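Peer 1: Submitted below is the structure of interest, expressed as structure tokens.
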Amino acid sequence: MVDVNAVRNRLRINHTGLDPQISDDITAAQAELIRVGVDPAVVESDSPLIDKAIMAYCLWIESSNDKMAEGYEAMWNQWKDELRKSSGYKVNSNV
């Protein structure tokens, strides 16, 4: 599961001052995935695809470069859409 350290490293931040904000970003990404129909159990699991989606969200939210933020937002939206449609990820996918 994506944690604050992984996001901080990816953002190339070498201090812990933003850790509470990054933690909130991770929680918001998880909540949004659940809101759009991804199974909560999968969101809380160690899925590398979920981790990639959450990382994209955090990069989007924390990016200070508008051009990069647009790319990260597009990446987040694509991951979110693909995950909510994929068997094994969507709610009641085993029915």
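Peer 1: Filter segment 77-95 down to the residues that are in contact (Cβ under 8 Å) with a residue 40 or more places away in the chain and in contact with a Phe, Trp or Tyr (Cβ under 9 Å, 6 or more places away or on another chain), then identify the one that is surrounded by the fewest Cβ atoms within 10 Å (Cβ to Cβ).
Peer 2: Only one residue fits best here, namely K80.
Peer 1: Got a sec? Which of S63, S87 is within 21 Å of L18 (Cβ to Cβ), modelled with pLDDT under 95 and of a type in the set (S, T, N, Q)? Don't jump to the end; show me each part of the working.
Peer 2: Numbers: S87 fails: within 21 Å of L18 (Cβ to Cβ).
Residue meeting the stated conditions: S63.
Peer 1: Here's a follow-up. So, in segment 37-76, of the ones that are in contact with an Asp or Glu (Cβ under 7 Å, 6 or more places away or on another chain) and not acidic (D, E), which residue ends up nearest to V7 (Cα to Cα)? Explain how you work it out, then say what you get.
Peer 2: Initial filter on segment 37-76 (in contact with an Asp or Glu (Cβ under 7 Å, 6 or more places away or on another chain)): 57-58, 60-62.
Imposing the further condition that a residue be not acidic (D, E) reduces the set to 57-58, 60-61.
Working: Y57: 10, C58: 7, W60: 11, I61: 11 Å.
Taking the candidates together, the pick is C58.
Peer 1: Restrict the check to segment 21-37 and report whether at least one residue is more than 29 Å from N92 (Cβ to Cβ), more than 13 Å from the chain's Cα centre (by Cα) and modelled with pLDDT of 95 or more.
Peer 2: Checking segment 21-37: at least one residue is more than 29 Å from N92 (Cβ to Cβ), more than 13 Å from the chain's Cα centre (by Cα) and modelled with pLDDT of 95 or more.
The values are calculated or read from the model by the stated rules, or taken from the named source; none is laboratory data. These numbers come from a predicted model, not from an experiment. Reconstructed Cβ throughout: ideal geometry from the backbone, glycine too, with neighbour counts over all protein chains shown.
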